[in-house]
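Chemist: Okay, handing you the structure first.
Just so it is clear, none of the values below were taken in a lab; they were calculated from the coordinates. These numbers come from a predicted model, not from an experiment. So basically every Cβ, Gly included, is an ideal-geometry build from the backbone, and we count neighbours across all protein chains shown.
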Ligand code: TXA
Ligand code: MG
């Protein structure tokens, strides 16, 4: 065990918080079986209590067949591990998928927000797995940012969020995925099927394809939920937000011939412009541009860079961020979702 991991285990066992890298974003972790420790997460983030947390678990012991082992891992947190849950664990874990399952009796109310369900994820980041193994229990962890703000994708971002605390931050480098996990609710399989609560790197189609492999009819009503979204803070319409006002403009909406997008320029003197290459802009707007960023025309690459870019933009002291809208194609759904919420919550 290296020194950093040993230190982190000691902190967690003593009921303190530790910031941990995952492949999606950094998490603010506490022992999921220690209610006092879990309460510190809410206090540190400024997160309203009642918002449930994801329990992060280690990979199963590889000694016997992996599917039955996922059952043992999930059975510690859920009283009813469905075949659908086992298939999704087998297919996507360790990785950026969170499953909502009926909770086991022993799961703390502080973790579930008092609900009968629990969110569980097995992250793939090697440092997170190493820590989970050495710790030997589940870690409740939301993203390691102040409530409503941009999720951190590097150790420096975590430090920027909590500059005055002596929080131990495990540095696992920049997160490979860059946006939060896909969340799928498997607690209403009989009535609604598998319900995606939050989009991430694993798409609806991938989940659908995996569930189609099993001989079950109940996944067929697969749909994006709207009914209980307040339970998922990442689904509040304003979230992941920079403090600088950010407007999404339609592609080509700023060129000279465009009538579509009206921007009241007199309100802004310094503008940062973020766009795909090839976009042109009219001279009246151009005059006020003080910084320009080109973004990759690839949703996976942009997801990885997005939060670091939003943080950088927020530090420029411009009064407006003009961000070209992302394509409507479904492969952009997850990153378009985050950018949309960031713009709704911006400037507040
Ligand atoms: O990628 C991720 O999921 C990251 C990393 C750290 O694992 N975590 C993360 O946690 O994004 P957080 O708390 O920022 O977002 C998790 C979302 C919350 O909005 C929460 O409401 C929802 O998951 N959630 C957790 N347990 C739930 C439950 N039992 N039912 C419904 N939603 C749940
Ligand atoms: Mg979050």
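Chemist: Measure off 7 Å from each Cα along the Cα-to-Cβ vector at residue 292 and residue 330, then give the distance between these two points in nanometres to one decimal.
Modeler: Going from the residue 292 label point to the residue 330 one covers 3.6 nm.
Chemist: Could you work out how much longer the chain between residue 270 and residue 79 gets when fully extended? Use 0.36 nm per residue separation minus the Cα distance between them, nm to one decimal.
Modeler: Computed gain between residue 270 and residue 79 is 63.2 nm.
Chemist: For a paramagnetic label modelled at 7 Å from the Cα of residue 7 toward its Cβ, which residues of the stretch 172-187 fall within the zone defined by backbone nitrogen distances under 14 Å?
Modeler: In the stretch 172-187, the label zone of residue 7 (backbone N under 14 Å from the point 7 Å along Cα→Cβ) covers 172.
Chemist: Another one. Taking 7 Å along the Cα-to-C-beta vector as the label spot, tell me the residue 166-residue 203 distance in nanometres, rounded to one decimal.
Modeler: For the pair residue 166/residue 203, the computed spacing is 4.9 nm.
Chemist: Any idea what log10 I(q)/I(0) is at q = 0.16, 0.23, 0.31 Å⁻¹ for the stretch 305-348, Debye with uniform C-alpha scatterers and no solvent?
Modeler: Evaluating at q = 0.16, 0.23, 0.31 Å⁻¹ gives log10 I(q)/I(0) of -0.45, -0.87, -1.30.
Chemist: Something else about it: In which sequence would 164, 314 go, from the one with the fewest C-beta neighbours within 10 Å to the one with the most?
Modeler: Ordered by Cβ neighbours within 10 Å, fewest first: 164, 314.
Chemist: State whether the stretch 56-196 is rounded, prolate or oblate according to the following rule on the C-alpha gyration tensor (a ≥ b ≥ c being the square roots of its eigenvalues): a/c under 1.5 gives rounded; otherwise a/b larger than b/c gives prolate, and the remaining case gives oblate.
Modeler: prolate
Chemist: Another question, then. For 149, 47, which order do you get if you count the other beta carbons within 10 Å of each Cβ and list the fewest first?
Modeler: Neighbour counts put them in this order, fewest first: 47, 149.
Chemist: Another question, if that's okay. Top mean-square fluctuation among 43, 85, 176, Gaussian network model of the chain, C-alpha springs under 10 Å?
Modeler: 43
Chemist: Please give the length that would be gained between residue 109 and residue 252 if that part of the chain were fully extended, namely 0.36 nm times their separation in residues minus their C-alpha to C-alpha distance (nm, one decimal).
Modeler: Between residue 109 and residue 252, full extension yields an extra 46.5 nm.
Chemist: Which angle from 0 to 90°, rounded to the nearest 10, does the C-alpha axis of helix 126-135 make with the longest principal axis of the chain?
Modeler: On a 0 to 90 degree scale, this one is about 30.
Chemist: Output the direction-averaged projected area (hull surface divided by four) of the convex hull of the alpha-carbon atoms of the chain, in nm².
Modeler: Computing the convex hull of the Cα atoms and averaging its projections yields 18.3 nm².
Chemist: Here's another thing I want to ask about it. How do 246, 99, 59 line up, fewest other C-beta atoms within 10 Å first?
Modeler: 59, 246, 99
Chemist: If you don't mind, another one. Let me have the 222 nm mean residue ellipticity of the chain computed from DSSP H runs of 4+ only, each contributing -39500 (n - 2.57), with the sum over all residues rounded to the nearest 500.
Modeler: Calculated at 222 nm, the ellipticity per residue is -8500 deg cm²/dmol.
Chemist: How many nm is it between the label spots at residue 192 and residue 35, if each spot is 7 Å from the Cα in line with the beta carbon?
Modeler: Taking the two extended label points, one gets 2.9 nm.
Chemist: Over its Cα atoms, what ratio of radius of gyration to 2.2 N^0.38 Å does the stretch 246-345 give?
Modeler: 1.03
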